[in-house]
1. What is the Cα centroid distance between segment 59-112 and segment 247-279, reported in whole angstrom?
2. Say each of Ala38 and Val207 gets a label point 7 Å from the Cα, pointing the same way as Cα to Cβ; how far apart are those two points in nm?
3. Quick check for segment 14-124: number of Lys pairs with alpha-carbon distance under 23 Å, counting only pairs 8 or more apart or on different chains?
4. What does the charge count near Glu202 come to, summing +1 for each Lys or Arg and -1 for each Asp or Glu among other residues with Cβ under 14 Å from its Cβ?
5. When Tyr7, Tyr229 are ordered from fewest to most other Cβ atoms inside 10 Å of their Cβ, what list results?
6. What does the charge count around His3 come to, taking other residues whose C-beta lies under 11 Å from its C-beta (Lys +1, Arg +1, Asp -1, Glu -1)?
7. Based on the alpha-carbon gyration tensor of segment 200-310 and its eigenvalue square roots a ≥ b ≥ c, which shape applies: rounded if a/c is under 1.5, prolate if not and a/b is larger than b/c, or oblate?
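Every number in this text was worked out from the coordinates using simple rules, so none of it is lab data. All figures in this text were calculated on a predicted structure; none of them were measured in a lab. A quick note on method: Cβ atoms are made from the backbone with ideal geometry, for glycine too, and the neighbour counts reach across all protein chains shown.
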Amino acid sequence: MTHRPFYPAGHEDIFEDFRQFRADCGKPDSSSVLDNVARLEQLFPLKHGRKSVPRTLSKSAMSQFFTGSKGTLPAAGITAALILGHLRCAVENGSIRSDPETGTPHDWECILEAWQARLRQAKRQNRPEPPLPRHGGRQDAGTSSTATGTAEPSGSGGATAPVVPPGPVEGGSRLAVMPTASPPVPPGTTRHTDPVHLTPDESAALVAHGDYGLVLAEHARIGDPEALYQLAVALALDPDHCARAQAWLVSATAARHPAAAGLVPEPGRSIDVHDARARAKELARRAEGCGHEAALEFFLSCVQQAALRAVPIAAEGDEPR
């Protein structure tokens, strides 16, 4: 089994994955980890809030997290706290590289997203098959809908919402917006743009590359600059929609997205298609590293379609004989 350090190793038992992660981080002592948990607000400037992340944890709670002795899966908030606390220790002991500007662990957002996805997968595997809907579509009273649209068994142990946006939902198309390699937005800065309303043609152009286009459109409508940047990169490769993509890059830049400004052209010029294609390739590589299959499929399609447009079409009579 090929294992990428700090990411889920792919064991059948998620607790084995947790223990492998702890080993990847150099097996730091619990006091150091829990001290970092108390300082997460300063150490990791998350873009999506941390209401569900505990500020303090006990040593016994940390032990149960890695051994599974409690008999239930951990809540998403506890998982996020311990993953981030260990990653900070990994920076301190040299197990993982850090961003020279922010001091945060390299790829920490992708690592966190991968662990939240792994936890959701484990919960789906442990969840009993829901009963067939009763007449009129009413579900059994033993289940209730969560904010992400999945059914949680009543009395499941108080599982909380994940720190990152919701990932894939069974039977639906809602996915998280993939975080980029850019440094996180500094605390206290503007994080939202004006809502973006796509035309039907633009929506169709995005959906043609995969369901992730719908995800980007949905998040752009609520002013998410990350979604707006990725959406602009995709449409910048489409000559029919490049002009509007430029306006969206300006909006994402105004919202302090760290990568958007570099693609905004000089006044009177158009977006550099070669630069946009290179960014789409980088986003595809990023998606592969994060295990975000929908984003990977989307950006690979963008790159492939852009390459096809760049090939000149022979006029009738010019075909080789």
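1. 34 Å
2. Here the answer is 5.2 nm between the modelled labels.
3. 6
4. Computed value for this residue: -2.
5. Fewest to most other Cβ atoms nearby, the residues stand as Tyr7, Tyr229.
6. Neighbourhood net charge equals -1.
7. Rounded shape, in that the Cα axes give a/c under 1.5.
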